[in-house]
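Here's the structure, in structure tokens; my notes come after.
The values are calculated or read from the model by the stated rules, or taken from the named source; none is laboratory data. These numbers come from a predicted model, not from an experiment. Don't worry about glycine lacking a Cβ; one is built from the backbone with ideal geometry, like all the others, and counts go over all protein chains shown.
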Amino acid sequence: MVEVEGEEEGAEGAEEVRVDVYGFVVEVGEGVEGEGEAGYDEDDKNVYCTCRSLSHGNMVACDNEACRYEWFHWECVGLTREPVGRWLCPECKKLPASMVRVAK
């Protein structure tokens, strides 16, 4: 775990995060706002999307099983409604077909 920038180690209310090998935040620890005003699921501490924030609002999954982000907030990928059929995120659309694994 690493501390969130701007928080003193051990400070009351300080949040901790877990980062992956790329340096992306993958989990947020204690002190995260729960379901309510912010609309976050208090049980889900993972971060998603290219914005690397918690699950909230409408979200869509990339159909590439190897997608590094997996889930996206509609507003972050320019969606206004649920896509019909297979959907690939902007990053996976740029990959060669050999690197995209879609479940059948």
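Take ARG18 and tell me if it is at pLDDT 90 or above and of a type outside the set (Ser, Thr, Tyr).
Numbers: at pLDDT 90 or above: no; of a type outside the set (Ser, Thr, Tyr): yes.
Spelling it out, it is not the case that ARG18 is at pLDDT 90 or above and of a type outside the set (Ser, Thr, Tyr).
Cβ separations smaller than 8 Å between residues 6+ apart or across chains give the following pairs from the range 49-67 residues that are more than 14 Å from PRO90 (Cβ to Cβ) to residues that are among the polar types (S, T, N, Q) and assigned to a strand (DSSP E or B): LEU54/ASN46; SER55/ASN46. Note on the range 52-104: among residues that are assigned to a strand (DSSP E or B) and among the aromatic types (Phe, Trp, Tyr), the one that is surrounded by the most Cβ atoms within 10 Å (Cβ to Cβ) is PHE72. Within the span defined as the range 32-51, one or more residues are surrounded by fewer than 15 Cβ atoms within 10 Å (Cβ to Cβ), modelled with pLDDT of 90 or more and part of a loop (DSSP other than H, G, I, E, B).
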